[in-house]
1. Which FRET efficiency value, to the nearest 0.05, is calculated for residue 108 and residue 7 with the Förster distance at 30 angstrom and r the Cβ-Cβ distance?
2. How large is the charge dipole for segment 1-52, taken about the Cα centre, if only the Cβ atoms of Lys, Arg (+1) and Asp, Glu (-1) carry charge, to the nearest 20 debye?
3. Can you list residues whose amide H is under 5 Å from residue 76's amide H, if they're 5+ apart or on another chain and H is modeled 1.01 Å from N?
4. As a test of reading the structure, rank 134, 105 by solvent-accessible area (1.4 Å probe, protein chains only), most first.
5. Roughly how many Å² of residue 21 are accessible to a 1.4 Å probe, to the nearest 10?
6. Multiply the residue gap between residue 59 and residue 99 by 0.36 nm, knock off their C-alpha separation, and tell me the result in nm, one decimal place.
7. What distance in nm separates the two pseudo spin-label positions at residue 68 and residue 39, each 7 Å out from Cα along the beta-carbon direction?
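The values are calculated or read from the model by the stated rules, or taken from the named source; none is laboratory data. Just so it is clear, the model here is predicted, and its values are computed rather than measured. Here the Cβ positions follow ideal geometry from the backbone for every residue, glycine too, while neighbour counts run over all protein chains shown. Surface areas here come from the heavy atoms of the whole protein model, side chains and all, with no ligands, DNA or RNA. Shrake-Rupley method; radii C 1.70, N 1.55, O 1.52, S 1.80 Å.
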Amino acid sequence: KKADRVRLVNGQGTEAVKGFEVRVSVTTTDASAFSTVLTGLALNNANTVQEFALPAGTAASYVQLRVLDNWGSACCVSLRSFEAVSDALGGIPSYAGTSPSVSSYLDASSRAEAMLDADPATAWLTAGGATGQYVELRLEDERNRVRLRERRRRERGHAGHQRVDPRERRRLQA
């Protein structure tokens, strides 16, 4: 598995992510397994996709965004979207479909899943300050994505047409 870049869409106002680290692990979610591959500064610009390139060839099974600070709020961090992207998957976000792990969330409507629902009105909102908050994504295995794509293609038939059983086709032609 490989990650070429990360994308984030910040929350609004002083709760938005400012300084951050992107950390990766190729094995587990144990804190000691992660290493920092990027330190960045996000703009305080809600609803704008910000993309950050990772070092070439970054191998990762898990990608963690660790917040160093926000734009001034003592309350929390707000993040509307976080994605890891692989060029091998055509720039499509790589996400294994499991719930992301997080350091905290404010309430049930502010859970990390809100970052993955494609709704710009929802966000992950942390509980208890900004420093050290994190979210971890497990990346999808490229082979699984290819297998799923091939299975869907077989189920649909070629060129997206509905597959017709040959016996049914003969019956319809008679």
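1. My answer for the efficiency is 0.75.
2. Around 140 debye, computed over segment 1-52.
3. Close amide H contacts, sequence-distant or interchain: 129.
4. 105, 134
5. Answer for residue 21: close to 40 Å² accessible.
6. Going from the current span to full extension adds 12.3 nm.
7. Here the modelled spin labels are 0.5 nm apart.
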